[in-house]
1. Taking the stated definitions as given, is SER89 in a helix (DSSP H, G or I), touching a Gly at 6+ places or on another chain (Cβ under 8 Å) and either touching a residue at least 40 places away in the same chain (Cβ under 8 Å) or of a type in the set (D, E, K, R) (or both)?
2. Being modelled with pLDDT of 95 or more, farther than 16 Å from ALA105 by Cα and crowded, with 16+ Cβ neighbours inside 10 Å is the filter here, so list the residues in region 28-52 that pass it.
3. Find the residue count for region 148-197, including only residues that are without any contact (Cβ under 8 Å) to a residue 40 or more places away in the chain, more than 14 Å from TYR39 (Cβ to Cβ) and part of a strand (DSSP E or B).
4. From the list ILE107, ILE93, ILE11, ILE53, which one is in contact with a helix residue (DSSP H, G or I) (Cβ under 6 Å, 6 or more places away or on another chain) and among the hydrophobic types (A, V, I, L, M, F, W, C)?
5. Do we have LEU17 as out of contact with any Asp or Glu (no Cβ under 8 Å at 6 or more places or on another chain) and within 29 Å of GLN170 (Cβ to Cβ) here?
6. So which of SER89, SER74 ends up being closer than 22 Å to ALA25 by Cβ and loosely packed, with under 15 Cβ neighbours inside 10 Å?
7. Limited to region 77-86, what total is found for residues that are exposed (fewer than 14 other Cβ atoms within 10 Å of the Cβ) and within 23 Å of GLY130 (Cβ to Cβ)?
8. Would you call VAL56 surrounded by 13 or more Cβ atoms within 10 Å (Cβ to Cβ), at pLDDT 85 or above and touching a Gly at 6+ places or on another chain (Cβ under 7 Å)?
Amino acid sequence: SVQVDKNVDPIPLSLKLSTNYQLLAQGTRAVTFLKFKVYALGIYVANDDLYKIPTVLDSKFLSSTFIDTDKSKSHSENVTSALHDNEKSKILISNLLDSNIRLVARISPIRNTDFNHLRDGLVKSILAAGVQDESLADGLQELKDAFNRKGSVPKNNNLFIERLSDGQLQLIYENTRNGEVVELGNVKNPIVSKLLFLQYLSG
């Protein structure tokens with residue numbers, strides 16, 4: 001496991017939801033203007049989809065056009081640089097998401113919150129992508145409807161956002177105090193999962 005903040009449990013290296021997942025990245029998200037952390041975030045990839053990452057990032061087109069632009073660096077160094085570049089990383093991650101890769105975002109609030117705040121935070125992240133798509137409004141309404149539970153979310157509980165192979169999102173809530181696991185709902189519109197994970201993984 002990986003400890004990212006003392007106020008929440010360490011992030012596990014693997015998860016079992018609709019399939020087996022392993023940890024890809026972790027960190028914390030913060031409210032920028034107030035400078036405080038709001039939740040710990042773990043991003044997981046399906047074990048059976050791991051091969052898609054090098055397949056996409058090593059593709060000839062992406063390598064020649066976006067990745068291997070600095071001939072003095074190795075391919076792996078150029079990949080790292082590209083993933084830290086705001087514009088290039090969006091292109092690379094977008095291609096990765098188009099490969100129907102299955103992912104999970106594990107969100108653990110660092111301070112007490114509620115379902116409305118979690119929902120609004122996800123909507124805000126998606127809108128921050130700045131994408132104009134006529135189906136996005138319908139997708140965001142689906143996301144809001146998927147939060148069919150009201151009330152508080154104590155710190156150190158977990159929200160799992162699972163991206164399925166067809167781009168649908170499955171939302172699952174875990175109460176770590178009593179072990180209760182609740183399926184909140186799902187979002188069928190794939191634009192929602194693409195924009196959300198694009199925000200989590202790029203830049």
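1. Numbers: in a helix (DSSP H, G or I): yes; touching a Gly at 6+ places or on another chain (Cβ under 8 Å): yes; either touching a residue at least 40 places away in the same chain (Cβ under 8 Å) or of a type in the set (D, E, K, R) (or both): yes.
When the stated conditions are applied, SER89 passes them.
2. LYS52
3. 6
4. Working: ILE107 fails: in contact with a helix residue (DSSP H, G or I) (Cβ under 6 Å, 6 or more places away or on another chain); ILE11 fails: in contact with a helix residue (DSSP H, G or I) (Cβ under 6 Å, 6 or more places away or on another chain); ILE53 fails: in contact with a helix residue (DSSP H, G or I) (Cβ under 6 Å, 6 or more places away or on another chain).
Exactly one residue qualifies, and that residue is ILE93.
5. On the way: out of contact with any Asp or Glu (no Cβ under 8 Å at 6 or more places or on another chain): no; within 29 Å of GLN170 (Cβ to Cβ): yes.
Against the criterion (out of contact with any Asp or Glu (no Cβ under 8 Å at 6 or more places or on another chain) and within 29 Å of GLN170 (Cβ to Cβ)), LEU17 does not qualify.
6. Just one listed residue meets the conditions, SER74.
7. Step one: filter region 77-86 for residues exposed (fewer than 14 other Cβ atoms within 10 Å of the Cβ), giving 77, 80, 84, 86.
Checking which are within 23 Å of GLY130 (Cβ to Cβ) leaves us with 84, 86.
Final tally of qualifying residues: 2.
8. On the way: surrounded by 13 or more Cβ atoms within 10 Å (Cβ to Cβ): yes; at pLDDT 85 or above: yes; touching a Gly at 6+ places or on another chain (Cβ under 7 Å): no.
Taking the combined requirement at face value, the residue does not satisfy it.
The values are calculated or read from the model by the stated rules, or taken from the named source; none is laboratory data. It should be emphasised that the depicted structure is a prediction, and the values quoted were computed from it without experimental measurement. Reconstructed Cβ throughout: ideal geometry from the backbone, glycine too, with neighbour counts over all protein chains shown.
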